[in-house]
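What follows is a single structure, written as structure tokens, with notes after it.
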Amino acid sequence: MASSLSTKPFGTDALSAFASLNSDLRSFSPGYLRLSLRPRLTKRLQIQAAGSTYGNHFRVTTYGESHGGGVGCVIDGCPPRIPLSEADMQVDLDRRRPGQSRITTPRKETDTCKIFSGVSEGLTTGTPIHVFVPNTDQRGHDYSEMSQAYRPSHADATYDMKYGVRSVQGGGRSSARETIGRVASGAVAKKILKDFSGTEILAYVSQVHKVVLPEDLIDHDNLTLSQIESNIVRCPDPEYAEKMISAIDAVRVRGDSVGGVVTCIVRNCPRGLGSPVFDKLEAELAKAVMSLPATKGFQFGSGFAGTFLTGSEHNDEFYIDEHGKTRTRTNRSGGIQGGISNGEIINMRIAFKPTSTIGKKQHTVTRDKKETELIARGRHDPCVVPRAVPMVEAVVALVLVDQLMAQYAQCNLFPVNLDFQEPLVPILEPEEVPF
């Protein structure tokens with residue numbers, strides 16, 4: 001039986017007519033004949049909604065909730081034959097975990113990770129890497145009042161507005177425990193960047209409430225991880241670290257909270273990362289760091305302070321260094337020009353708001369639209385920035401490794417123009433080629 005039905009997508013009127021035809025044909029069909037005529041939906045009717053995956057080439061999907069069975073991530077696109085173990089991730093997970101000092105949440109979690117796939121005999125296989133971290137110290141009863149009353153400035157209300165349902169205990173996906181998957185995958189990204197190009201990513205706390213670390217006190221060329229990790233607030237200057245700890249202690253004992261700023265630098269970033277217009281490197285970095293919980297602002301390079309300068313004051317003049325490379329004498333551009341890395345140190349600052357869940361009485365409303373008062377219970381950070389440091393490093397690494405793969409795929413498949421470009425891999429002489 002020949003069909004004269006068109007194979008082109010149907011519009012709304014055609015869909016209605018097709019449904020009518022489908023019904024008519026069914027009524028005339030004998031019992032032994034089953035016709036299955038389904039209208040094709042045009043692409044404009046299809047909706048893609050996710051929000052838990054980042055990256056194009058090095059893709060990371062995080063999963064899990066604060067008081068569920070556990071949290072973790074799936075890493076897709078990791079290059080094969082890279083030495084990798086749980087220990088490589090655990091270092092940064094330990095820096096992120098709760099209960100590490102008196103100025104963090106007292107929740108006790110070891111955050112011990114387990115790799116379930118993608119690694120064989122200590123090497124990545126190129127297939128998806130599944131990392132899991134169990135939740136072991138949940139206290140769902142702490143959230144009984146908050147199951148009805150919205151915490152001011154928290155995601156409770158907006159999750160209801162979007163989904164019509166939410167995971168009450170611990171804040172669900174809006175909890176900072178979601179970032180475990182980012183920190184684990186970010187550790188892999190940091191390892192790739194370090195091994196491939198010597199790229200280093202370091203973040204530190206540069207402000208807590210009104211205690212601001214002067215920028216000229218920190219030498220970004222020689223800053224080390226040990227300096228950052230030398231105190232519980234993760235400020236590399238001991239004097240200002242003590243002031244920041246005192247500021248957090250002062251609000252902690254009152255059941256209140258404060259915010260702050262994390263500064264992040266990237267040394268030895270390959271040149272050429274990032275793309276013009278919509279995929280500029282600073283735009284990708286901004287999206288990544290602003291997706292972290294409690295973030296409120298992002299600056300790179302001179303940031304807003306650059307608006308007080310003239311062009312002649314702000315411009316980074318070029319020169320040729322002793323190795324014949326084009327460099328800039330200053331770095332107000334923050335290592336990125338035209339959305340593309342220029343080889344200088346990338347520097348950025350990320351503002352974090354005060355923790356919204358506090359132990360002070362606040363006015364709010366309930367899910368059934370009644371005004372009430374709430375004193376939030378539970379275990380929460382009086383200031384998020386000390387634990388945000390490894391989170392910032394992780395998402396910056398995810399951006400850079402994804403951009404590195406994109407740059408290699410587009411601009412390094414064929415011989416580069418050595419007058420302007422630097423090869424991402426060393427140029428080997430014929431006798432050095434290992435095959």
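Just the residues that are in a loop (DSSP other than H, G, I, E, B) and either under 21 Å from Thr105 (Cβ atoms) or in contact with a helix residue (DSSP H, G or I) (Cβ under 6 Å, 6 or more places away or on another chain) (or both), please, taken from segment 147-190.
Passing the criteria: Tyr150, Arg151, Pro152, Ser153, His154, Ala155, Arg166, Ser167, Val168, Ser175.
List pairs: first in segment 126-137 and at positive phi, second at pLDDT 95 or above, Cβ under 6 Å, 6+ apart or cross-chain? Listed pairs, sorted by first residue: Gly126/Pro80.
Look at (1) within 19 Å of the chain's Cα centre (by Cα); (2) under 25 Å from Glu229 (Cβ atoms); (3) at pLDDT 95 or above and you find that Gln403 fails only one, number (2).
I'd like the residue in segment 30-65 that is open to solvent by 50 Å² or more (accessible area, probe 1.4 Å) and among the aromatic types (Phe, Trp, Tyr) and, out of all such residues, is modelled with the lowest pLDDT. Here the residue is Tyr32. Candidates are the residues of segment 66-94 that are touching a residue at least 60 places away in the same chain (Cβ under 8 Å) and over 16 Å from Lys191 (Cα atoms); the one that is surrounded by the most Cβ atoms within 10 Å (Cβ to Cβ) is Cys73. Please verify whether segment 333-343 includes one or more residues that are assigned to a strand (DSSP E or B) and either farther than 30 Å from Ile75 by Cα or of a type outside the set (A, V, I, L, M, F, W, C) (or both). Yes. The set of residues in segment 349-378 that are closer than 30 Å to Leu285 by Cα and touching a Pro at 6+ places or on another chain (Cβ under 8 Å) comprises Thr355, Ser356.
Only a single criterion out of (1) under 26 Å from Val212 (Cβ atoms); (2) at pLDDT 95 or above; (3) out of contact with any Lys or Arg (no Cβ under 7 Å at 6 or more places or on another chain); (4) open to solvent by 40 Å² or more (accessible area, probe 1.4 Å) is not satisfied by His314, namely (3). Hey, among the residues in segment 103-118 that are modelled with pLDDT of 85 or more and either surrounded by fewer than 18 Cβ atoms within 10 Å (Cβ to Cβ) or among the charged types (D, E, K, R) (or both), which one's farthest from Arg59 (Cα to Cα)? Ranking the candidates gives Thr110 first.
Give me the residue from segment 154-201 that is closer than 30 Å to Asp368 by Cα and of a type in the set (Lys, Arg) and, out of that set, least open to solvent (accessible area, probe 1.4 Å).
For segment 154-201, the residue satisfying everything is Arg177.
Residue by residue, here is whether (1) assigned to a loop (DSSP other than H, G, I, E, B); (2) over 30 Å from Ile180 (Cα atoms) holds:
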| site | (1), (2) |
| --- | --- |
| Met348 | no, no |
| Thr355 | yes, no |
| Ile358 | yes, no |
| Val365 | no, yes |
| Thr372 | no, yes |
| Ala376 | yes, no |
| His380 | yes, no |
| Val389 | no, no |
| Val392 | no, no |
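The values are calculated or read from the model by the stated rules, or taken from the named source; none is laboratory data. Computed from a predicted structure; not experimentally measured. Glycine gets a Cβ as well: all are built from the backbone with ideal geometry, and neighbour counts include every protein chain shown. The protein model used for the area step is the full one, side chains on, heavy atoms only, and it has no ligands, DNA or RNA in it. Shrake-Rupley method; radii C 1.70, N 1.55, O 1.52, S 1.80 Å.
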